[in-house]
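The block underneath contains the structure these notes are about, expressed in structure tokens.
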Amino acid sequence: MAASGDGGADMEVEAFRRLYPARFYQRYLDAAVRPDARLLNRARSTSISLGPVPTADGSALVKVGNTTMLAGVKLEVMTPSSEGPDLGQVVVEFHMPPICSPQSRPGRPAEAACTITEQLTNALKSSELVDLHELSIAPGKAAWMAYLDIYCLDADGSLLDAALLASVSALAHLQIPSVAMTEEGTVIPALPETGISNHLSNDKHLQQPTVSEQRRLKLGAIPWSLTCALYKKHVLADPTAEEETVLHTILTVIIDSSGRLVAFYKPGGSIPATTNIIQECISLAKRRSKELQRSLDEAITQYESET
Amino acid sequence: MGSAARRDGRTAIQLRPLACTRGLLNRAHGSARWSQENTCVLAAVYGPKSISGRRENPERATIEVIWKPKSGMTGNKEKEAELVLRRSLDYIIIATLHPNTGMSIIVQVISDDGALLACAINATTAALVDTGIPLSGLIAAVSCGINKEGDLLLDLTKSEEQEAQAHVCLVFPNRPLSMKVETSIKSDDEPVEHGLVTSVTCGAMSVDDYLSCLDLGRAASLKISEFSRTSLEQSQRAVELVTPT
């Protein structure tokens, strides 16, 4: 370690990292590597597992490096609004419980959590991932309300990426149960067509045709997200929490599977993005989207082979 | 494309008339009202002032932004706008000049007819200038969108935003005049005012459309910075006339 007036000539690496985080990172990044041995444009390894929450209608656990997200979808029957009689609804909420990082406290949701909720809602809406007509049961009478809740268990940077991946995976895992509708207009779970329990159930119910079969939710173009941190002329893909606090300028690119730009979200920061940087971020996001697509496909095949 | 008339008679790349008034509030250290026709925002800046407890930072001023919607409660949308505003203003406020202090920036929406975030960023920039604290430069925000037919539009109204395929709020730095803005990323080929400070998109568009939005927004931001500079110089001249010779 070359002495450069920081008194760190014979300092231990870990102490140097804590005392002079900016200088510590500068030395790594100028040599185009990162403290966790990744190249600048490489994302962390990602794993997806489907169905960890058996009580939810759809769920997924996603890990991007150390960042861990648990997403669950719960379906409820609601009466659709008069403006959209054949539309269901998806309500997204992102939670940052105190377990996820030293910064988050119990009580009112932090600014970061509110922002990510807003970004997720925006990304799902803009990419038209869920066709709300799909969530209709009987037009004007009943539709599904899908509550999508994402819990951050370990916040180690690039939260939006992991949260969006968890949301998409949970929706891909979602099974819409088969239901029937009584004459009074209430929705009941459809009876299994075994015919054995005929005498137990009400005859009236049996006469009702099943209005909707059990099915997977059909998904539209899937949004894939990549967060980048800017340092001088370099772009760091998928920053960790430490990198995010040192580098300040963070931006998120969301690209959907048909190549459209769903979001280019750069909330300020001390470094303005030049056209070159913008294009580099977009091409990194495109490459990352292919990786994530592969991970999700693998997770789905694995899940299907297990069940 | 540029000749396609819009509902309010503007061409696709025409901005709405801008108006800016500074120093409206007596108690605030700086205040400004910025309007783009029917979108109007009032911004006030208090500080640098003393703050207490955990929020005090020995290295820099703590900046807080409070967004007050026209009606109703502060929800997720407002929280997000607060974050975007704070981070965007980080680009021009030299926070390290005022360690251990706090700055409150309050944004009151008076009326919203589209391009609200852009209008709020312009209003707070003007209010910061009115405060008289040193800034590293100015920023100009503009909203740009693409309608269902694929035409690019500037400075969208509320109804245009709702019909648009996608719209985006872009913030660019002002071209530096006398002072040199110190940026570590100054590339050889692109001037400072081409750098994108903030981008908040809504809706999906192709990458090419986004890049053309950037070009159009960049050109429009020059006009907006020109306006804010002129209005700033005018108010300075007014002060000069009042001072006794």
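Read-outs: derived from the displayed coordinates by stated rules, not from any lab. As the structure is a prediction and not an experimental result, all values here were calculated from the model. Neighbour counts run over all protein chains shown; Cβ positions are idealised from the backbone, glycine included.
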Around residue B:38, with a cut-off of 10 angstrom between Cβ atoms, what is the net charge of the other residues, counting Lys and Arg +1 and Asp and Glu -1? -2
Can you tally the net charge around residue B:225? Count Lys and Arg as +1, Asp and Glu as -1, for every other residue whose Cβ sits under 14 Å from the Cβ of residue B:225. +1
Going Cα to Cα from residue A:290, which aspartates and glutamates come in below 18 Å? Please leave out same-chain ones fewer than 8 positions away. A:161, A:238, A:256, A:280, A:298
In debye, nearest 20: dipole of chain A around its Cα centre with unit charges on the Cβ of K, R (+) and D, E (-)? 960 debye
Simple label model, 7 Å out from Cα along Cβ direction - residue A:182 to residue B:100, nm: 7.1 nm
Inter-chain Cβ neighbour average for residues B:204-211, partner chain, 10 Å: 6
Cα-based convex hull, region A:1-101, per residue volume (Å³, whole number): 198 Å³
Once you wrap a convex hull around the alpha carbon atoms of region B:39-81, what is its projected area averaged over all directions, in nm²? 4.5 nm²
Could you tell me the largest-minus-smallest coordinate of the C-alpha atoms of region A:100-179 on each of the three principal axes, in descending order and whole angstroms? 46, 25, 21
How far is helix A:159-173 tilted, in degrees, relative to the longest principal axis of the Cα atoms in chain A, given as a value from 0 to 90 rounded to the nearest 10? 20 degrees
Determine the shielding of peptide A:116-122 by partner chains: average, over its residues, the number of Cβ atoms on other chains within 10 angstrom of each Cβ. 4
Mean residue ellipticity at 222 nm from the helices of the protein assembly as shown, using -39,500 (n - 2.57) per DSSP H segment of n ≥ 4 over the full residue count, to the nearest 500 deg cm²/dmol? -10000 deg cm²/dmol
In degrees, nearest 10, the alpha-carbon axis of helix B:76-90 is tilted away from the dominant principal axis of the alpha carbons of chain B by 60 degrees
If packing is taken as the average count of other Cβ atoms within 10 Å, what order do A:256-268, A:98-110 fall into, highest mean first? A:256-268, A:98-110
Taking 7 Å along the Cα-to-C-beta vector as the label spot, tell me the residue A:154-residue A:215 distance in nanometres, rounded to one decimal. 3.9 nm
Reachable lysines from residue B:70, Cα under 17 Å, same-chain residues fewer than 8 places away excluded? B:79, B:158
Between helix B:116-131 and chain B: long-axis angle, C-alpha atoms, 0 to 90°, nearest 10: 30 degrees
Ascending count of other beta-carbon atoms within 10 Å, so fewest first, for A:213, A:111: A:213, A:111
Expressed as cubic angstrom per residue, what is the convex hull volume of the alpha carbon set of the protein assembly as shown? 190 Å³
Counting other chain Cβ atoms within 10 Å of each Cβ in B:14-25 and taking the mean gives 0
Put in order of increasing Cβ neighbours within 10 Å, starting from the fewest, A:11, A:96 give A:11, A:96
Treat the count of other C-beta atoms within 10 Å as a stand-in for reagent exposure and order A:16, A:94, A:24 from fewest to most. A:16, A:24, A:94
Spin-label pair residue B:159/residue A:287, simplified geometry with 7 Å Cα→Cβ offset, distance in nm: 4.7 nm
Net charge of Cβ neighbours under 13 Å - reference residue B:201; Lys, Arg +1; Asp, Glu -1: -2
Sort B:220-232, A:295-307 for me by packing, meaning the mean count of neighbouring Cβ atoms within 10 Å per residue, highest on top. B:220-232, A:295-307
Against the empirical 2.2 N^0.38 Å scaling, what ratio does the C-alpha Rg of chain A come to? 1.21
Rounded to the nearest 20 Debye, what is the dipole magnitude of region B:1-113 about its Cα centre when Lys and Arg each give +1 and Asp and Glu each give -1 at the C-beta? 140 debye
